[in-house]
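Chemist: The structure that follows is given in the form of structure tokens.
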Amino acid sequence: MSPPSPSSSSSRSAAPGQWCCYSQFQQQLMLLLALALALLLPHLAVAGRMARIQSHLDRINKPALRSIRSADGDTIDCVAAHQQHALDHPLLKGHTIQAEPPEMPARRSRGLEAAADAKTAGSRWGAWQTWHHGGHCPRGTVAVRRTTAADVLRAGSISRFGRKKRKKRSSVDAARAANAPDVISGNGHEHAIAYTAPSSQQQPVYGAKATINVWDPSIQESNGFSLSQLWILSGSFNGSDLNSIEAGWQVSPELYGDSRPRLFTYWTSDAYEATGCYNALCPGFVQTSSRIAIGASISPVSSPGGAQYDMTLLVWKDPKLGNWWLSYGDQLVGYWPAQLFTHLSDHATMVEWGGEVVDTRPGGVHTATQMGSGRFAAEGFARASYFRNLETVDADNSLAEVPLDAIQTLAEDAACYDIRKAHDDGGGGHSGSAGGGWGTHFYYGGPGHNPACP
């Protein structure tokens with residue numbers, strides 16, 4: 001064997017240094033890659049989240065035949081009725097939209113409402129929707145407020161978006177659960193409500209009606225809200241099968257991104273666990289109106305000591321097909337199909353009317369979020385918020401006035417928000433009202449935080 005050449009020897013002697021330099025280069029490269037990944041991963045996560053949000057928006061926002069830009073910043077899409085998001089619900093596959101108008105409830109006595117309209121005509125008008133100034137949707141379409149990525153981002157997650165938080169029970173609330181089921185709340189929800197009192201003689205309920213004046217209450221927290229609504233309820237108030245249909249007006253900066261009062265709906269068939277949502281943010285509520293957009297802002301609104309603007313809501317079960325319909329003023333808006341529900345597929349057992357706010361105790365004190373007009377019930381007409389002409393629908397599809405002694409009232413802390421019920425038979429008015437004919441009614445609301453409500 002010949003001895004190794006000088007060149008071979010020097011090549012071997014240089015190898016350890018070369019490997020050392022290569023190893024350092026690898027380490028530097030790995031550090032650079034790790035730094036790049038650290039900088040890139042948050043952007044990838046954001047991009048992934050935005051992609052999921054966009055996919056969710058694509059399911060909600062159906063193709064529009066026309067879009068209307070509202071002065072309040074909303075976009076109202078005119079969507080072909082048969083393409084609306086409601087029909088994506090698994091229970092509504094193959095559902096045919098009810099084309100036959102529902103049978104409207106008949107009024108047993110027309111005197112009260114006629115008297116109310118005549119005696120308050122000079123100081124009370126109907127509230128409408130802001131987007132109407134920009135145009136109208138064509139026949140065959142439904143008016144849908146477009147949902148944006150900003151709407152979803154404010155909710156914190158796609159799963160929470162458009163849904164009420166599950167209400168936690170407190171020991172005090174549990175004791176009155178049988179009487180006022182929707183006020184079972186240990187998570188800061190406060191109410192001022194009237195409700196039909198349960199009794200052994202109580203008849204099944206097939207709907208409810210009321211006229212509510214509209215305000216723009218101040219909301220202290222970005223995740224707070226203030227609403228005024230009616231509830232149609234049935235099921236177990238202590239379990240997870242409570243059925244609820246809800247409609248009214250609300251101010252919710254988190255849900256809508258502003259502080260305007262807006263028409264809203266809600267439904268659940270499992271006590272707010274997994275089913276249902278606000279407005280048209282999930283499948284379920286079948287809209288039929290091209291003139292009313294659920295979630296759209298209401299204008300004008302009432303002013304203290306000035307003009308009062310109110311809206312009339314009616315929810316009732318169509319005796320022929322069994323769907324629960326909603327009307328806003330004289331406009332049919334749409335319906336909740338009976339198959340969405342368990343107990344409400346037949347009838348309701350309780351009705352509630354009133355206001356609700358959420359109190360997260362900012363800074364350790366009671367919220368200053370207002371309910372209604374932000375004024376207590378004692379201030380009366382043109383200052384306090386009201387529900388008037390409370391009625392329910394009975395088994396023969398007739399509207400019946402709710403007797404004053406058939407409703408109870410509840411306010412968790414009357415120093416923060418309160419309620420006062422009364423009856424007016426149309427005989428010339430009552431203290432603090434604009435006139436007679438309000439039937440069973442109540443004033444409610446309050447400012448929240450004040451010296452008596454620390």
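Chemist: Determine by what factor the alpha-carbon radius of gyration of region 319-426 differs from 2.2 N^0.38 Å, reporting the quotient.
Modeler: 1.35
Chemist: Grab the beta carbon distance between Gln203 and Ala71, set R0 = 56 Å, and tell me the FRET efficiency rounded to 0.05.
Modeler: Given R0 = 56 Å and the Cβ-Cβ separation, E is 0.75.
Chemist: Just to verify a number: what accessible area does Phe387 come out at with the full protein assembly present, 1.4 Å probe, Å² rounded to tens?
Modeler: Answer for Phe387: close to 0 Å² accessible.
Chemist: Continuing with this model, one more query. Strictly greater than 14 Å: what percent of every Cα pair in region 268-330 meets that?
Modeler: More than 14 Å apart: 72 percent of the Cα pairs in region 268-330.
Chemist: At 1.4 Å probe size, with no ligands or nucleic acids counted, give the accessible surface of Arg420 in Å², nearest ten.
Modeler: The accessible area of Arg420 comes to roughly 140 Å².
Chemist: What is the Cα coordinate range of region 328-373 on the first, second and third principal axes, sorted by size from largest, in whole angstrom?
Modeler: 45, 29, 17
Chemist: Please quote Rg/Rh for region 364-415 to two decimal places, taking the Kirkwood radius as Rh and restricting both calculations to Cα atoms.
Modeler: Checking Rg against Rh, the ratio lands at 1.10.
Chemist: Go through Arg388, Arg375, Arg66 and list them by solvent-accessible area, largest first, probe radius 1.4 Å.
Modeler: Per-residue accessible area, sorted high to low, gives Arg66, Arg375, Arg388.
Chemist: Continuing with this model, one more query. Which sequence of Leu57, Leu332 reflects their accessible areas, 1.4 Å probe, from the largest down?
Modeler: Final ranking, largest accessible area leading: Leu332, Leu57.
Chemist: Going by amide H atoms built from the backbone, whose H comes under 5 Å of the H on Ser236, apart from near neighbours?
Modeler: Asp241, Leu242, Asn243
Chemist: Label Ala378 and Ala452 with points 7 Å out from Cα along Cα→Cβ: what is the distance between them in nm?
Modeler: It is 0.5 nm.
Chemist: Let me ask something else about it. On a 1.4 Å probe surface of the protein chains, which of Lys164, Lys421 comes out largest in accessible area, and what is the full order?
Modeler: The ordering from most to least exposed comes out as Lys421, Lys164.
Chemist: Which number do you get for Rg(Cα) / (2.2 N^0.38 Å) in region 209-345?
Modeler: Taking the Cα Rg and dividing by 2.2 N^0.38 Å, one obtains 1.07.
Chemist: Taking just the alpha carbons, could you work out the radius of gyration and Dmax for region 50-98, both in angstroms?
Modeler: Computed over the Cα atoms of region 50-98, radius of gyration and Dmax are 13.0, 37 Å.
Chemist: Can you list residues whose amide H is under 5 Å from Trp125's amide H, if they're 5+ apart or on another chain and H is modeled 1.01 Å from N?
Modeler: Distant-sequence amide H within range of Trp125: Gln308, Tyr309, Asp310.
Chemist: Just to verify a number: what accessible area does Cys137 come out at with the full protein assembly present, 1.4 Å probe, Å² rounded to tens?
Modeler: 10 Å²
Chemist: In whole Hz, what ³J(HN,Hα) sequence does region 266-282 give by Karplus (6.51, -1.76, 1.60; θ = phi - 60°), x for Gly and Pro?
Modeler: Taking θ as phi minus 60°, the curve returns 8, 8, 8, 10, 9, 6, 6, 6, 10, 9, x, 5, 6, 6, 10, 7, 9 Hz for region 266-282.
The values are calculated or read from the model by the stated rules, or taken from the named source; none is laboratory data. The model shown is predicted, which means the values in this text are computed figures rather than measured ones. When we count neighbours, we look across all protein chains shown, and the Cβ atoms used for this are built from the backbone with ideal geometry, even at glycine. Remember, those area values only see protein heavy atoms, side chains included, never the ligands or the DNA or RNA. Shrake-Rupley method; radii C 1.70, N 1.55, O 1.52, S 1.80 Å.
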